[in-house]
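I am attaching a structure below and will ask some questions about it afterwards.
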Amino acid sequence: MPVFRYYNIQLLPSNTDEIGEVGEVGYSNLMGKLKNNVTEAVRAHQLKVFSFQLRNDMLFAPSWIFIQDNFSYGEFIKFDSAGEVKDLYTDEIEFKGGPNSTSKKYSFRFVFDHARHIMAIQESDKSGRLPSENVFIDALKSFFKPIIISEFYNYELKIIELSSGDALEAVFKDAVGYNRIEVEVTFANSDKFVDEVVSELKGKNVHSLAHIEKSASDGKMGLTAYSTAFLNTAKTYGNATISYVVKVGDNLRRKVFHMKDHPVRTNVVLGAKDSEDRYRMEILNSIRAAEANSRRNVSPN
């Protein structure tokens, strides 16, 4: 059953006093420009050059993209560049790959919601897995960079994987105290769903906010309203680390929660009779549910 992960892709105005949001049209144009670059790379047989280099001589790239009115869809591929195949004992060359040869190729569906600026991408293809969060984000940034330089030079690209509200709620439920809270959030691309604090970041042109609370070295603390608000916001617009204490029997044990290790992951069922068009709509619907999970406001006990 295909599993999808979700990435909040934002073009943030460099100066919110002078520049407006790109909006749904802007994100459609961003994907349209990427489509043009991918199409040209494929036409010229230069996809290997266009690709992002991974470890173990693997490459990663979008291979095709289609643009609809309110969403885009397509496919990323991870592949190798087949070189020489030698005999184990004689070192004689048995096969020599050409410029377009590959011996491993994995495909990952994606759907990008222009209004929500969230991308759903398939996590695995049989034995092939999507690159890790940080590597995938670096790859996306490399594909978008020339477009932003030429078309969106007054904007800053931020890409954040959506984190699970359920995971943060589990920490709040289990914790009997906290040692350290560290949160970083950016302002939101739209005020439609965000709280007053994050809206103020945008209004003041504050692109990043870091917040730390910590107890005495051998003590534990409760959560302030600030940290609770920032932690909830970070699930969609940032990241956080929580050092906390749980009770195990009669003892206390310290645990550490890294928000980025708990992404929203959704099984999107591919029925035997589903067409690709119908399945894409299911993936698009899953973006709405993933966003709701990430945005869900949770409170400590």
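The values are calculated or read from the model by the stated rules, or taken from the named source; none is laboratory data. Predicted model only: the values in this text are computed from it and were never measured. As a convention, Cβ positions derive from the backbone with ideal geometry for all residues, glycine included, and neighbour counts pool all protein chains shown. We work out accessible area using only protein heavy atoms, side chains counted, and drop any ligands, DNA or RNA first. Shrake-Rupley method; radii C 1.70, N 1.55, O 1.52, S 1.80 Å.
Let me know the charge dipole size of the chain about its Cα centre in debye, to the nearest 20, where only the beta-carbon of Lys, Arg (+1) and Asp, Glu (-1) is charged. List each step's numbers first, then the result.
On the way: 38 positive and 40 negative charges, 102 e Å.
For this selection, approximately 500 debye.
Restricted to Cα positions, what overall size does region 196-301 have along the principal axes? Three whole-Å values, descending.
59, 46, 20
On to the next question. Please compute the per residue accessible area over the chain with all protein chains in place, 1.4 Å probe, rounded to a whole number of Å².
52
So what's the back-of-envelope 222 nm ellipticity for the chain, counting only DSSP H runs of four-plus at -39500 (n - 2.57) apiece and dividing by all residues, rounded to 500?
Values: 7 runs with 95 residues, N = 301.
-10000 deg cm²/dmol, from helical runs alone.
With Cβ to Cβ distances under 14 Å as the rule, what net charge do the other residues near Val176 carry (K, R +1; D, E -1)?
Numbers: positive: Lys173, Lys220, Lys247, Arg253, Arg254, Lys255; negative: Asp174, Asp250.
Overall, the nearby charge balance is +4.
Please name which of Pro2, Ala41, Gly26 has its Cα lying farthest along the dipole of the chain towards the positive end, using unit charges on Cβ (Lys, Arg +1; Asp, Glu -1) and the Cα centre as origin.
The listed residue farthest towards the positive side: Pro2.
Where does each of Ile19, Ile77 land when they are ordered by accessible area, with a 1.4 Å probe and the largest first? Don't skip to the answer; put the middle values down first.
Numbers: Ile19 35, Ile77 10 Å².
Per-residue accessible area, sorted high to low, gives Ile19, Ile77.
Find which of Tyr226, Val185, Ala210 sits farthest along the positive direction of the dipole of the chain, computed with +1 on the beta-carbon of Lys and Arg, -1 on that of Asp and Glu, about the Cα centre.
Farthest towards the positive pole: Tyr226.
Stick to Cα atoms and the Kirkwood definition of Rh, then tell me Rg/Rh for the chain.
Rounded to two decimals, Rg over Rh is 1.03.
Given the options Leu130, Ile118, Ile242, identify the residue whose Cα lies farthest towards the positive end of the charge dipole of the chain (+1 on Cβ of Lys, Arg; -1 on Cβ of Asp, Glu).
Ile242
Can you compute the charge dipole magnitude of region 1-55 about its Cα centre, using +1 on each Lys and Arg Cβ and -1 on each Asp and Glu Cβ, nothing else charged? Give it in debye, rounded to the nearest 20.
On the way: 6 positive and 5 negative charges, 121 e Å.
The calculated dipole for region 1-55 is roughly 580 debye.
Also, quick follow-up: Pairs to check: Lys145/Lys235; Lys104/Lys126; Lys35/Lys273; Lys78/Lys235; Lys48/Lys105; Lys158/Lys214. Give those whose C-alpha atoms are more than 21 Å from each other in this structure.
Working: Lys145/Lys235 25 Å; Lys104/Lys126 12 Å; Lys35/Lys273 29 Å; Lys78/Lys235 28 Å; Lys48/Lys105 12 Å; Lys158/Lys214 28 Å.
Table pairs above 21 Å Cα-Cα are Lys145/Lys235; Lys35/Lys273; Lys78/Lys235; Lys158/Lys214.
If you take the Cα Rg of region 1-90 and divide it by 2.2 N^0.38 Å, with N the number of residues, what do you get?
On the way: Rg = 18.3 Å, N = 90, 2.2 N^0.38 = 12.2 Å.
Dividing the Cα Rg of region 1-90 by 2.2 N^0.38 Å gives 1.50.
When the chain is treated as a GNM, springs tying every alpha-carbon pair under 10 Å, which of Asp138, Asp17, Asp113 comes out with the largest mean-square fluctuation?
Asp17
Turning to a different aspect of this structure: So, with a 1.4 angstrom probe, what is the percent of accessible area on the chain that is carbon and sulfur?
On the way: 7520 of 15780 Å².
Solvent-exposed carbon and sulfur of the chain make up 48 percent of the total.
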